[in-house]
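Data first, discussion second: the structure below is written as structure tokens.
The values are calculated or read from the model by the stated rules, or taken from the named source; none is laboratory data. For clarity, every value in this text was computed on a predicted model and none was experimentally measured. Here the Cβ is made from the backbone with ideal geometry for all residues, glycine too, and neighbour counts use every protein chain on show. Note: areas computed on protein heavy atoms with side chains; ligands, DNA, RNA excluded. Shrake-Rupley method; radii C 1.70, N 1.55, O 1.52, S 1.80 Å.
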Amino acid sequence: MNDNEWTEAVEGLARATDRIGLLVRCLALPEQLSSWRQNHDEFSGGDASNALDQAAGLLVELRDGGARDLLQLVEGLRAELPTPWE
């Protein structure tokens with residue numbers, strides 16, 4: 001892997017981290033879901049609905065090749081690094 005490929009891979013990993021972090025935040029809804037279920041609070045229900053809609057879109061991206069691309073990126077970086085510690 002040359003320097004440009006390395007830089008691109010590291011930047012790709014940073015982008016993936018941002019996307020996965022967003023997915024995690026979109027799925028972290030216990031309070032909103034509980035509030036909706038218990039009180040039918042419209043704000044909580046709407047917030048949860050919006051977050052789950054965004055999560056679904058991110059999951060579709062992963063399903064449709066994003067996970068494969070990320071795995072290739074990780075494997076490419078691993079190939080350049082020393083053997084993992086045991």
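Among the listed residues 83, 7, 17, identify the single one that is modelled with pLDDT under 95 and of a type in the set (Val, Ile, Thr).
83
For region 39-65, how many residues are open to solvent by 60 Å² or more (accessible area, probe 1.4 Å) and at positive phi?
Adding up the residues that qualify gives 1.
Which is among the hydrophobic types (A, V, I, L, M, F, W, C) and touching a Gly at 6+ places or on another chain (Cβ under 9 Å), of 9, 51, 55, 28?
9
Only one of (1) open to solvent by 60 Å² or more (accessible area, probe 1.4 Å); (2) polar (S, T, N, Q); (3) part of a helix (DSSP H, G or I) is not met by residue 83, so which one is it?
Going through (1) open to solvent by 60 Å² or more (accessible area, probe 1.4 Å); (2) polar (S, T, N, Q); (3) part of a helix (DSSP H, G or I) one by one, residue 83 breaks only (3).
Tell me the residue from 52, 59, 77, 73 that is part of a helix (DSSP H, G or I), within 27 Å of residue 6 (Cα to Cα) and without any contact (Cβ under 8 Å) to a residue 60 or more places away in the chain, please.
59
Do you know which of the residues in region 1-38 that are outside any helix (DSSP H, G or I) and free of Cβ contacts under 8 Å to residues at least 60 places away in the same chain is least open to solvent (accessible area, probe 1.4 Å)?
It comes out as 29.
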